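Nothing in this text is a laboratory measurement; each read-out follows from the coordinates by a stated rule. Note that this is a predicted model, so its numbers are computed, not measured. We place every Cβ from the backbone using ideal geometry, glycine too, and count neighbours over all the protein chains shown.
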Amino acid sequence: MATRAQVLIPIAIAAVVIGIVGVITIPADSKLSEVNFPRGTIKIDSKILDVQIAETDAQKIRGLMFQNELPDDQGMIFVFSQEQVVPIWMLNMQFPLDIIWFDTDGNVVHLEKNIPPCKSALETATCTVQNADGKKAKYVLEVNAGFVDKFHVTENSKMQIISV
């Protein structure tokens, strides 16, 4: 029978290799220390939010990586060309998030609360958040953890795009 070390060492090496390959293959413009995202405004029920918009592949990969905080009246919206299953990767996040998936009409298809950032090399390789049951979304909104509860966002909530 294999010892614990014989099992864990290859797993740890694989996690480090996957993490390194992942970081190396991130597009250069998503690794910049300061990324300026286009800005827009959305409304969820009656709450208006200023949002950073991630539309390009590089912007979607970068997301909120390396940002130290997000003001309570702001978020980041990921915009996709069509509805699809959208997993979110929490690589290099500095704070926990609430994540809300919306369909083309702005209806909530799924939400996750208080998602912690990845902390270890193994988590970096596996740290994704899936929307439940593979439901398809056109928009994904990331906001500070606690937003969903504070503003009573539910599966019956509606997002309206004011300017994106």
Original post:
Roughly speaking, what is the stretch gain from R39 to D57, that is 0.36 nm per residue apart minus the C-alpha to C-alpha distance, in nm to one decimal?
Top reply: 4.8 nm
Original post:
What FRET efficiency comes out for the pair V164/K119, r = Cβ-Cβ distance, R0 = 30 Å, nearest 0.05?
Top reply: 0.40
Original post:
Do any GluC sites (Glu not before Pro) in the stretch 59-114 lie in a loop, going by DSSP, with at most 11 other beta-carbon atoms within 10 Å of their beta carbon, and if so which?
Top reply: E69
**OP:** Excluding residues fewer than 8 places away in the same chain, name every one of the lysines whose C-alpha is closer than 17 Å to that of K47.
**Re:** K150, K158
**OP:** Considering Cα pairs under 8 angstrom that are at least six residues apart, work out the relative contact order of the stretch 50-117 and quote it in whole percent.
**Re:** 29
